[in-house]
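The values are calculated or read from the model by the stated rules, or taken from the named source; none is laboratory data. Predicted model, so just to flag it, every value in this text is computed and none were measured. Quick reminder, even Gly has a Cβ in these numbers, built from the backbone with ideal geometry, and neighbours come from all protein chains shown.
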């Protein structure tokens, strides 16, 4: 199981990983903490330029994902199990279904929607 932010998931070539897992029968579960952005790019700007133009305007190009990919659909396109979880009450049963898919030999992606960055 890998727990990863949505920014890292996007920039980590998930299609290649999911497709390869299917090809070599090496299933895994990726839990995507979907907060709508890539904080790894935002933090250095905040630290280096705390009163800079991006901070003053609250604009961080390339950091927020206003129209992100559908991570669950992306998983399904690579023959993996994919599900989106928006209500915290749905997490436990969604996790159980994803782990069952992994036990059955299928990679899985859970897209956990969180508060935006």
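Every listed requirement among (1) farther than 17 Å from residue 109 by Cβ; (2) at pLDDT 90 or above; (3) touching a helix residue (DSSP H, G or I) at 6+ places or on another chain (Cβ under 8 Å) is met by residue 50 save one, (3). Is it fair to say residue 33 is modelled with pLDDT of 95 or more, touching a helix residue (DSSP H, G or I) at 6+ places or on another chain (Cβ under 8 Å) and over 20 Å from residue 104 (Cα atoms)? Taking the combined requirement at face value, the residue satisfies it.
Just to check your reading of the model, which residue among 32, 3, 45 is in contact with a strand residue (DSSP E or B) (Cβ under 7 Å, 6 or more places away or on another chain) and closer than 20 Å to residue 62 by Cα? When all the criteria are applied, what remains is 32.
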